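Right, one structure below, let's go through it.
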Amino acid sequence: MENRQYLLAKRPVGQPQRSDFEYRTGPAPDPGPDEVLVRNRYISLDPAMRGWMNDARSYIRPVQIGEVMRAGTAGEVIASNSPLFAPGDFVYGSGGVQDYYTAQARHLQRIDPQLAPLPVYLGTLGMPGMTAYFGLTEVGQAKAGETVVISAASGAVGSVAGQIAKQLGCRTIGITGGEAKCRYITETLGFDAAVDYQAGSLRDQLKAACPDGIDVYFDNTGGEILDTVLTRLRMKARIAVCGAITQYNSTEKTAGPSNYLSLLVNRARMEGFVVFDYAPRYPEALARMIPWYQEGKLLSREEIVPGLETFPETLLRLFTGDKTGKLVLAV
Ligand code: NAP
């Protein structure tokens, strides 16, 4: 069995290039004691991957030069030396950008393709979905009747956060790029309004969409969008700092919000979070989200791109916004 792999060859400067990766083929590994051999079927492409390529202190160790590029994957068990899994089982794991990997059985999570298609476990019912749920309910403390604003609203995290906000009874506004995505989040996902950051004044559009101000901002972008949202906060507003995709490829100093004194004036708070801290509570989130998914109240959209070879270029689509929903590589 041939194993195609992408290894990190160089630390990118700015936007990652194909030459930052090494494409290699070799034999699939053999599973050791208590290990399982998994054939990846879908590879998750996440903005966080850009941060993992930097040699910087973070919530997780950087990918080392010469290592397989880290990625969450959904795959099929091919061989197992553990009583926990048998060939034919489907699992979620940190399988990396490659065809095959081995892992200790205890590090894998069983997933059920009868309940949802495999790519959904990389998005809505996976890590991005958990990020949306805990970012909104725990960090943002969103409550019925409040106004919630979400950036990167058509994406993996944002689209789920918006739909959960609607389930909680919030007035929900999404910020996204382009007319088609604005229509998608309002007409298909049920957001109350959309703001197009690529068209006209963000400030004027936000003012029109949130005339009474914002109670919760779920921030996926940072940058100018965060700075503009700060000007529209209500008293005791909460900002959940989920990500700052506008800054990940920047070669300059991270742009901080100049309007931060709005936090003082409005007795508001801004709090960052990392989804993995909530891992023990994922079952609690899924107990609410799976019924919503089954009842059609939580729609899931994946943009599935075929071909492991396309990885370097496909990854960049996260940063150009050239996709809708969760970006996944099919292998
Ligand atoms: P995603 O939203 O599916 O894809 C990225 C989206 O970011 C793009 O589709 C685009 O939105 C938007 N974007 C890219 N460049 C932009 C720019 N210059 N200005 C405005 N928007 C821009 O990705 P995701 O996986 O759901 O991740 C969303 C955010 O959550 C990221 O910041 C990520 O790092 C963060 N995150 C955090 C955690 C955590 O534990 N804190 C966990 C998972 C993800 P449009 O399509 O609307 O243009």
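Bear in mind these aren't lab numbers, they're just calculated from the coordinates by the rules spelled out. What you see is a predicted model; the values in this text were computed from it and never measured. Cβ: placed from backbone, ideal geometry, glycine included. Neighbour counts: every protein chain shown.
Less than 19 Å from a label point 7 Å out along the Cα-to-Cβ axis of residue 84: which backbone N atoms in the range 271-288 qualify, by residue?
The answer is 276-284, whose backbone nitrogens lie closer than 19 Å to the label point.
Taking H placed 1.01 Å from N in the peptide plane, check which residues at least 5 places from residue 3 or on another chain put their amide H under 5 Å from its amide H.
HN-HN under 5 Å from residue 3: 26, 28.
If you take the beta carbon distance between residue 11 and residue 144 as r and set R0 to 35 Å, what does 1/(1 + (r/R0)^6) give as a FRET efficiency, to the nearest 0.05? Mind showing how you got there, number by number?
Details: r = 46 Å, r/R0 = 1.31.
Computed FRET efficiency for residue 11 and residue 144: 0.15.
Excluding residues fewer than 8 places away in the same chain, name every one of the lysines whose C-alpha is closer than 25 Å to that of residue 297.
Cross-link targets: 143, 166, 181, 323, 326.
Semi-axes of the equivalent ellipsoid of the range 1-118: what are they in whole Å, largest first, if each equals the square root of 5 times a C-alpha gyration tensor eigenvalue?
Working through the eigenvalues yields semi-axes of 26, 15, 13 Å.
Run the simple label-point estimate for residue 199 and residue 263 please: 7 Å along Cα→C-beta, distance reported in nm.
3.3 nm
Taking the chain as a Gaussian network, Cα atoms linked when under 10 Å apart, which of 151, 262, 250 shows the biggest mean-square fluctuation?
Among 151, 262, 250, the largest GNM mean-square fluctuation belongs to 250.
Which residue, 211, 132, 177, has the largest displacement toward the positive end of the dipole of the range 103-236 when charges sit on each Cβ (Lys, Arg +1; Asp, Glu -1)?
Positive-end residue among those listed: 132.
Under the rule of -39500 (n - 2.57) per DSSP H run of 4 or more residues, summed and divided by the residues of the chain, what mean residue ellipticity at 222 nm is obtained, to the nearest 500 deg cm²/dmol? If you can, show how the numbers build up before the last one.
Numbers: 9 runs with 74 residues, N = 331.
After summing the helix terms and dividing by residue count, I get -6000 deg cm²/dmol.
What is the extension gain from residue 19 to residue 1, computed as 0.36 nm multiplied by their sequence separation minus the C-alpha to C-alpha distance, in nm to one decimal? Could the numbers behind the result be given before it?
Details: separation 18, 0.36 × 18 = 6.48 nm, distance 2.60 nm.
The residue 19-residue 1 span can extend by a further 3.9 nm.
Less than 10 Å Cβ to Cβ from residue 142, Lys/Arg counted +1 and Asp/Glu -1: what total charge do the surrounding residues give? Provide the component values of the computation, followed by the final result.
Working: positive: 143, 238; negative: 138, 146, 215.
My count for the surroundings of residue 142 gives -1.
Give the lysines reachable from residue 10 as a straight Cα distance under 25 Å; neighbours fewer than 8 places away on the same chain don't count.
253
Quote the FRET efficiency, to the nearest 0.05, computed for residue 109 versus residue 252 with a Förster distance R0 of 30 Å and r equal to the Cβ-Cβ distance.
0.20
Determine the sum of side-chain charges near residue 85: Lys and Arg each +1, Asp and Glu each -1, restricted to other residues whose C-beta is under 11 angstrom from that of residue 85.
On the way: positive: 106, 110; negative: 34, 35, 76, 89.
My count for the surroundings of residue 85 gives -2.
In the Gaussian network model of the chain, springs joining C-alpha atoms below 10 Å, which of 175, 150, 78 carries the largest mean-square fluctuation?
78
Considering amide H positions built from the backbone, and no H for Pro or chain starts, which residues 5 or more places from residue 101, or on another chain, come under 5 Å of its amide H?
Amide H to amide H, under 5 Å and 5 or more residues apart or across chains, residue 101 pairs with 38, 40.
Stick to the Cα atoms of the range 177-331, pair each with every other, and give me the Kirkwood hydrodynamic radius in Å at one decimal.
Working: mean 1/r = 0.0558 Å⁻¹.
Computed over the range 177-331, the radius equals 17.9 Å.
Count neighbours as other Cβ atoms within 10 Å of each site's Cβ, and list the trypsin sites (Lys or Arg not before Pro) in the range 1-69 that are DSSP loop with at most 11 such neighbours. Present the calculation step by step, with values, prior to reporting the outcome.
Working: sites: 4, 10, 18, 24, 39, 41, 50, 57; in loops: 10, 57.
Those satisfying the criteria are 57.
Report, please, the projected area of the range 99-225 averaged over directions, based on the convex hull of its C-alpha atoms, in nm². Mind dumping the intermediate values first?
Numbers: hull surface 39.5 nm².
So the mean shadow area of the Cα hull is 9.9 nm².
For the range 107-114, what does the Karplus curve 6.51 cos²θ - 1.76 cosθ + 1.60, with θ = phi - 60°, yield as ³J(HN,Hα) per residue in whole Hz, taken in order and with x for Gly and Pro?
Each residue of the range 107-114 in turn: 8, 9, 10, 5, 10, 10, x, 6 Hz.
Per Stokes-Einstein, at 10 °C and 1.306 mPa s, what whole-number D in µm² s⁻¹ belongs to the chain, with the Kirkwood radius over Cα pairs as the hydrodynamic radius? Display every interim value, and only then the final one.
Values: Rh = 20.5 Å.
The calculation lands on 78 µm²/s.
Quick one: among 34, 215, 227, which has the greatest mean-square fluctuation in a GNM of the chain with alpha-carbon springs under 10 angstrom?
Looking only at 34, 215, 227, the largest GNM fluctuation is found for 34.
Considering all projection directions equally, how large on average is the shadow of the alpha-carbon convex hull of the range 122-162, in square nanometres? Write down the numbers at each step before the final one.
Working: hull surface 10.7 nm².
Projected over every direction and averaged, the Cα hull of the range 122-162 covers 2.7 nm².
What is the set of long-range amide H partners of residue 146 at a cut-off below 5 Å, with H atoms built 1.01 Å from backbone N?
Those lying under 5 Å, H to H, from residue 146 are 171.
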